[in-house]
Amino acid sequence: MNIPESKFPRIVIIGGGFAGVNLVKSLAKKEVQVVLLDKHNYHTFQPLLYQVSSSGLEPDSIAYPLRKIIKKNSNTFFRLAEVDNVNAKINEINTSIGTLSYDFLVIATGTKTNYFGSKTIEANSMPMKSIPQALNIRSLILQNFEKAAVTSSIKDRQAYLNFVIVGGGPTGVELAGAIAELKNHILPRDYRDLDSSIMQIHLLEGTERVLPSMSMTASKKSEGFLKRLGVRVHTNVFVKDYDGKQVTTNSDLKLQTETLIWAAGVTGSLVHGLKVESMLEKANRYVVNRFNQIEGYDTIFALGDIASMSTVDYPNGHPQVAQPAIQQGKLLGKNIMRIINKQSPKPFVYNDKGSMATVGRNKAVVDLKHYKFGGFFAWFIWMFIHLISLVGFRNRVIVFFNWTYNYINFDKAARLIIRPYKK
Ligand SMILES: Cc1cc2nc3c(=O)[nH]c(=O)nc-3n(C[C@H](O)[C@H](O)[C@H](O)COP(=O)(O)OP(=O)(O)OC[C@H]3O[C@@H](n4cnc5c(N)ncnc54)[C@H](O)[C@@H]3O)c2cc1C
């Protein structure tokens with residue numbers, strides 16, 4: 001891998017997501033050698049993936065080169081590599097570009113889409129966990145519009161214009177709202193010869209309410225916002241199958257569609273080789289202690305979505321959102337230095353800053369500890385928090401410019417089929 005020998009301990013970090021990047025930053029200029037590995041050469045700001053899918057933003061405004069993040073850290077190296085497994089007996093990892101030894105290993109590989117064992121859903125639906133996948137959705141939506149505009153079959157036209165989103169969590173809710181805005185503002189202008197009123201957006205949620213991880217206020221308000229935008233919300237509905245043409249569910253509901261977007265769940269992106277008892281089987285998360293050490297290992301840690309730390313307040317682990325990953329990454333940098341300097345590490349305490357979701361123009365819901373609200377002010381806060389959380393000044397400026405332009409013009413300017421999606 002062409003990593004020079006060093007007199008300092010080597011910390012290998014797998015994954016340049018929220019957790020990995022914050023860990024790298026907290027180890028800058030410390031007396032350690034840091035090696036960051038990721039299968040992509042960029043950090044992805046996943047909370048705004050849905051805006052790429054719905055033509056609101058170009059992908060480069062939510063991605064940031066990992067080499068640029070480390071450019072001022074002379075102790076840090078980046079390698080573009082997919083890590084396959086760990087050999088903990090000899091402190092070594094095996095990757096797509098070779099092996100590497102470590103003194104400390106940090107696994108921050110996040111999650112991947114969970115299809116709950118359904119091969120047909122996996123083969124026919126559209127996941128949204130990465131930038132290439134978000135671009136696939138963007139292309140498919142626009143290709144469907146084009147096909148709907150030229151087909152003479154009413155049945156086919158309806159199937160092209162039916163969009164089914166499975167999973168009523170923040171991702172599903174935000175995407176449904178954004179696609180509804182395409183229907184309400186873009187379709188009538190771009191496709192004047194197409195009857196936009198026949199376009200349907202269905203949001204399917206298995207529990208009794210959308211945004212089940214948020215407050216009842218947030219659920220009710222967001223459902224109201226979605227309905228006002230024309231989204232058909234179906235709760236207590238499980239998808240049983242999708243063959244690429246028809247969605248079947250546990251109820252009488254059957255939908256003909258060319259597009260099923262799967263936002264119904266995630267499962268850990270495990271790195272093979274660790275003891276079975278160090279993992280939670282169902283969730284595919286590593287069991288970690290309060291210092292993020294993986295059970296059974298002193299020098300191997302897990303952070304963020306892939307880590308399950310059971311505490312009194314979070315017996316089943318912290319929520320798989322950005323804040324625990326960011327906070328754990330920052331603390332682990334300090335803790336590893338403490339361990340190296342023979343001091344006791346500090347236990348992780350999660351500072352829950354609240355949660356939020358937007359449902360389109362002027363509409364969002366925010367849950368804070370003592371205050372829950374929705375509407376324009378919530379939407380403004382949602383925009384501000386997402387803008388300042390983006391990595392890189394350029395990205396913040398571009399996103400701000402795009403949002404302002406789109407807001408004034410009721411536009412989504414990135415509706416381009418750059419790389420056609422082939423089913
Ligand atoms: C569509 C979507 C919307 C979301 N919206 C929100 C939101 O609004 N608010 C919020 O707080 N959270 C949101 N989340 C969740 C949030 O993005 C995650 O909780 C957060 O990214 C977790 O950070 P992480 O560092 O643990 O993992 P990630 O950010 O997923 O990073 C993992 C990294 O590991 C790399 N990797 C994985 N496996 C390997 C391997 N074997 N070898 C090398 N590299 C590997 C990946 O390429 C990736 O860069 C959203 C997630 C999605 C998918």
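Just a yes or no: is a residue in segment 168-179 over 22 Å from the mean Cα position of the chain (by Cα), part of a loop (DSSP other than H, G, I, E, B), within 16 Å of the ligand (Cβ to nearest atom) and crowded, with 19+ Cβ neighbours inside 10 Å? No, the conditions are met nowhere in segment 168-179.
Would you point out which residue out of L203, L194 is in a loop (DSSP other than H, G, I, E, B), farther than 30 Å from N292 by Cβ, away from the ligand (no atom under 14 Å from the Cβ) and touching a residue at least 12 places away in the same chain (Cβ under 8 Å)?
On the way: L203 fails: in a loop (DSSP other than H, G, I, E, B).
When all the criteria are applied, what remains is L194.
Within the set G244, G273, G296, the sole residue that is out of contact with any strand residue (DSSP E or B) (no Cβ under 6 Å at 6 or more places or on another chain), over 30 Å from L368 (Cα atoms) and touching a residue at least 24 places away in the same chain (Cβ under 8 Å) turns out to be G244.
For segment 292-330, taking the residues that are within 14 Å of the ligand (Cβ to nearest atom) and among the charged types (D, E, K, R), the one that is nearest to P47 (Cα to Cα) is identified as D305.
Within the span defined as segment 46-57, every residue fails to be of a type in the set (A, V, I, L, M), farther than 20 Å from R415 by Cα and surrounded by 24 or more Cβ atoms within 10 Å (Cβ to Cβ).
Hey, among the residues in segment 308-339 that are among the small types (G, A, S) and touching a residue at least 24 places away in the same chain (Cβ under 8 Å), which one's farthest from E174 (Cα to Cα)? Outline the logic, then answer.
Let us first name the residues in segment 308-339 that are among the small types (G, A, S), namely 308, 310, 317, 322, 325, 329, 333.
With touching a residue at least 24 places away in the same chain (Cβ under 8 Å) added as a condition, the list becomes 308, 317, 322, 325, 329, 333.
Values: S308: 26, G317: 25, A322: 16, A325: 22, G329: 27, G333: 33 Å.
The extreme case among them is G333.
Looking at segment 292-300, is at least one residue in a loop (DSSP other than H, G, I, E, B) and aliphatic (A, V, I, L, M)? If you could, list the steps in order and put the result at the bottom.
So in segment 292-300, the residues in a loop (DSSP other than H, G, I, E, B) come out as 292, 295-299.
Applying the additional criterion that residues be aliphatic (A, V, I, L, M) yields none.
No: segment 292-300 contains no residue that is in a loop (DSSP other than H, G, I, E, B) and aliphatic (A, V, I, L, M).
State all residues of segment 95-129 that are within 11 Å of the ligand (Cβ to nearest atom) and buried (at least 17 other Cβ atoms within 10 Å of the Cβ); if no residue qualifies, say none. Outline the logic, then answer.
If we filter segment 95-129 for residues that are within 11 Å of the ligand (Cβ to nearest atom), which is where we start, we get 95-97, 106-113, 127-129.
The answer is T95, V106, I107, A108, T109, G110, T111, T113, P127, M128, K129.
Residue by residue, here is whether (1) at positive phi; (2) touching a Leu at 6+ places or on another chain (Cβ under 6 Å); (3) within 13 Å of the ligand (Cβ to nearest atom) holds:
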residue: I11; (1), (2), (3): no, no, no
residue: G20; (1), (2), (3): no, no, yes
residue: L23; (1), (2), (3): no, yes, yes
residue: V34; (1), (2), (3): no, yes, no
residue: H40; (1), (2), (3): no, no, yes
residue: Y50; (1), (2), (3): no, yes, yes
residue: S53; (1), (2), (3): no, no, yes
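The residues on offer are Q320, Q327, and the sole one that is in a loop (DSSP other than H, G, I, E, B), modelled with pLDDT of 95 or more and of a type in the set (S, T, N, Q) is Q320.
In segment 340-369, the qualifying residues are those that are touching a residue at least 60 places away in the same chain (Cβ under 8 Å) and more than 16 Å from the ligand (Cβ to nearest atom), and the one that is surrounded by the fewest Cβ atoms within 10 Å (Cβ to Cβ) is I340. In the condition set (1) under 26 Å from P324 (Cβ atoms); (2) part of a helix (DSSP H, G or I), L135 is compliant with all but (1). Just one of the listed residues (F401, F380, F376) is hydrophobic (A, V, I, L, M, F, W, C), loosely packed, with under 15 Cβ neighbours inside 10 Å, away from the ligand (no atom under 14 Å from the Cβ) and over 23 Å from S215 (Cα atoms), namely F401. Listed conditions (1) more than 13 Å from the ligand (Cβ to nearest atom); (2) out of contact with any helix residue (DSSP H, G or I) (no Cβ under 6 Å at 6 or more places or on another chain); (3) at pLDDT 95 or above are all met by G333, apart from (2).
Inside segment 354-407, counting only strands (runs of 3 or more DSSP E) that do not spill past its ends, which hold 1 or more residues that are among the hydrophobic types (A, V, I, L, M, F, W, C) and in contact with a Phe, Trp or Tyr (Cβ under 6 Å, 6 or more places away or on another chain)? Break it down stepwise before answering.
Working: elements: 355-358, 364-367, 372-374.
Those strands (runs of 3 or more DSSP E) span 355-358, 364-367.
When you scan segment 10-47, how many residues do you find that are touching a Lys or Arg at 6+ places or on another chain (Cβ under 6 Å) and under 14 Å from K330 (Cα atoms)?
Step one: of segment 10-47, the residues touching a Lys or Arg at 6+ places or on another chain (Cβ under 6 Å) are 22, 26, 33, 37.
This time we only want the ones that are under 14 Å from K330 (Cα atoms), so: 22, 26.
Selection size over segment 10-47: 2.
The values are calculated or read from the model by the stated rules, or taken from the named source; none is laboratory data. Here the structure is a predicted model, which means the values were calculated and not measured. Note that we place each Cβ from the backbone using ideal geometry, even for glycine, and neighbour counts take in every protein chain shown.
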